[in-house]
Amino acid sequence: MSRFRNSLATAALIVGTIALAVPANAQCVPDIFPNDWLQQQENLGGHTIDRHVGKTDGQLTQRLINSPNIAAAGSYPASALPDPRYLAAQATIAQGLAPRRQTINNWAATAHANAPRAEELQAAAAIGRVALQTQPANVFDTQTYCVILRANGVGGCRVLTSFPTPALHGYCH
């Protein structure tokens, strides 16, 4: 019987070790978002912070010039120092994903690796700025935004990108 207990204890230790080694994207939408959650997504290959946080109207307009194939360019505001600049964006994204947690996690549980999912979301107030591909570029506040997720094939996902959009339909792809 002691051999069985030792085997059981070893198995529990292995399972516990594996559980501790689960990556940050093992659960697609977490129950509680850590303070550095958006930075974790960036570390996994996302680009929300890099391309869509703290951009000026001039930078949004320049992005449209540099990328004529996109219809709009959006940016979340940068958070005030000393906070990390992405906290406002993270709060917006988390508030939008939280009510959809179960649906998104169910999708991630069966999705193939790199399968995309787009979530179109709308906040109660302005969450960022958008520039449209018009001449001259039209830049304005917006309440709508998009979150693009990528499944990892083992029940989790990462945020590939998230950005403010000019409207709910037609900009989240």
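Restricting 77, 68 to those that are at pLDDT below 95 and out of contact with any Leu (no Cβ under 9 Å at 6 or more places or on another chain) reduces the list to 68.
Of everything in the range 118-153 that is over 21 Å from the mean Cα position of the chain (by Cα) and of a type in the set (S, T, N, Q), the residue that is nearest to residue 45 (Cα to Cα) is 133. Being modelled with pLDDT of 95 or more, surrounded by 17 or more Cβ atoms within 10 Å (Cβ to Cβ) and either hydroxyl-bearing (Ser, Thr, Tyr) or in contact with a helix residue (DSSP H, G or I) (Cβ under 9 Å, 6 or more places away or on another chain) (or both) is the filter here, so list the residues in the range 40-62 that pass it. Selection gives 41, 42, 46, 48, 49, 52, 53, 55. Take the range 38-58 and flag every residue that is within 21 Å of residue 172 (Cβ to Cβ), touching a strand residue (DSSP E or B) at 6+ places or on another chain (Cβ under 8 Å), in a helix (DSSP H, G or I) and not hydroxyl-bearing (Ser, Thr, Tyr). Matches in the range 38-58: 38, 41, 51, 52. The residues of the range 114-147 that are over 15 Å from residue 95 (Cα atoms) and surrounded by 15 or more Cβ atoms within 10 Å (Cβ to Cβ), listed by number, are 115, 117, 129, 130, 131, 132, 133, 137, 139, 142.
Take the conditions (1) under 20 Å from residue 166 (Cα atoms); (2) part of a loop (DSSP other than H, G, I, E, B); (3) touching a residue at least 24 places away in the same chain (Cβ under 8 Å); residue 69 misses just one of them, which is (3).
Of the set (1) surrounded by fewer than 17 Cβ atoms within 10 Å (Cβ to Cβ); (2) within 17 Å of residue 37 (Cα to Cα), all apply to residue 159 but (1). Take residue 6 and tell me if it is part of a loop (DSSP other than H, G, I, E, B) and at pLDDT below 50. Criteria not met by residue 6.
The values are calculated or read from the model by the stated rules, or taken from the named source; none is laboratory data. All values derive from a computational prediction rather than experimental measurement. FYI the Cβ positions are ideal-geometry reconstructions off the backbone, even for glycines, and counts take in every protein chain you see.
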